1. May I ask you to list pairs of residues, at least six apart or on different chains, whose Cβ atoms are under 9 Å apart, with the first in the stretch 157-170 being farther than 14 Å from LYS198 by Cβ and the second being assigned to a loop (DSSP other than H, G, I, E, B) and polar (S, T, N, Q)?
2. Can you name the residue in the stretch 44-58 that is in a helix (DSSP H, G or I) and within 29 Å of the chain's Cα centre (by Cα) and, of all such residues, is surrounded by the most Cβ atoms within 10 Å (Cβ to Cβ)?
3. Across the stretch 107-132, which residue is farthest from GLU37 (Cα to Cα) among those that are part of a helix (DSSP H, G or I), aliphatic (A, V, I, L, M) and in contact (Cβ under 8 Å) with a residue 60 or more places away in the chain?
4. Is it the case that PRO135 is modelled with pLDDT of 95 or more, more than 14 Å from VAL196 (Cβ to Cβ) and part of a strand (DSSP E or B)?
5. What number goes with the only condition from (1) within 29 Å of LEU6 (Cβ to Cβ); (2) free of Cβ contacts under 8 Å to residues at least 24 places away in the same chain; (3) in a helix (DSSP H, G or I) that GLY78 does not pass?
6. Looking at GLU22, GLU38 in this structure, which one is surrounded by 14 or more Cβ atoms within 10 Å (Cβ to Cβ), of a type in the set (Asp, Glu) and free of Cβ contacts under 8 Å to residues at least 24 places away in the same chain?
7. Find all pairs meeting these conditions: Cβ atoms under 8 angstrom apart; at least six residues apart or on different chains; first residue within the stretch 83-106 and of a type in the set (Ser, Thr, Tyr); second residue surrounded by 13 or more Cβ atoms within 10 Å (Cβ to Cβ).
8. State all residues of the stretch 155-182 that are surrounded by fewer than 21 Cβ atoms within 10 Å (Cβ to Cβ) and in a strand (DSSP E or B); if no residue qualifies, say none.
Amino acid sequence: MSTAKLKSRLGYDVHPSLAMLEFAIEGLKQKTGRTLEEWVKLVGNEGPETEKERREWLKTKYQLGGNDASWIAERSVGKGWGGNPKTYLKRADIFVERMFRRAKVDLRPIYEELLKMGRKTGPDVKVCPCQTFVPLYRNHVFAQIKIANRKRIDLGLALKDTKTPKRLIVTGGFARKDRISHRIEINSVNDIDGEVKKWLKKAYDMDE
């Protein structure tokens, strides 16, 4: 099944970087003469002990590129997802559930409302949770939903150096070359109004 069609139990999407990783791993045999599993077995039998040493060993002895050597070394010590989108999707659900445990459970309705609005922004929106925030992708991250504290969620937006009203707080991200340049503080579902929708759509449109 195409990664574009895969969804988690809670409806989340495969992280774009993982989809690219899966594609790269599928081509590893043709590119290097060995599959990922064959490389991992070789490293386990003949390579040094640590992940770092294995990465450098692969680059030096077999002239593998940095990305290929890193994926193999990481997998050989039991880290990473090995390019498995289904494993990521299981963890994506867990990431979100953990974010809203205990004292932060009251923020869940705000999150769900922002999530619904984000998905409606365009047909190509992907929602790919990380451990501490939930990014929304088009071609790149155009927004993110992040718990600020026990009473507030921040909606981060990628608006570059766009002039905005005071409600949109400049994060300094544009100057640091971060994607997220502004944020809107959301303290209740009632804060999610037409202005929030307008700027979320603006961020989406800017990521053409």
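The values are calculated or read from the model by the stated rules, or taken from the named source; none is laboratory data. All figures in this text were calculated on a predicted structure; none of them were measured in a lab. Every residue, glycine among them, receives a Cβ derived from its backbone with ideal geometry; neighbour counts consider all protein chains shown.
1. The qualifying pairs are ALA158/SER181; LYS160/SER181; ASP161/SER181; VAL170/THR164; VAL170/SER181.
2. LEU58
3. Residue satisfying both the conditions and the ranking: ILE110.
4. So PRO135 fits the description; yes.
5. (3)
6. Matching residue, one of GLU22, GLU38: GLU38.
7. Listed by first residue and then by second, the contacts come to THR87/TRP81; TYR88/VAL14; TYR88/HIS15; TYR88/LEU18; TYR88/TRP81.
8. Across the stretch 155-182, the qualifying residues are ILE169, VAL170.
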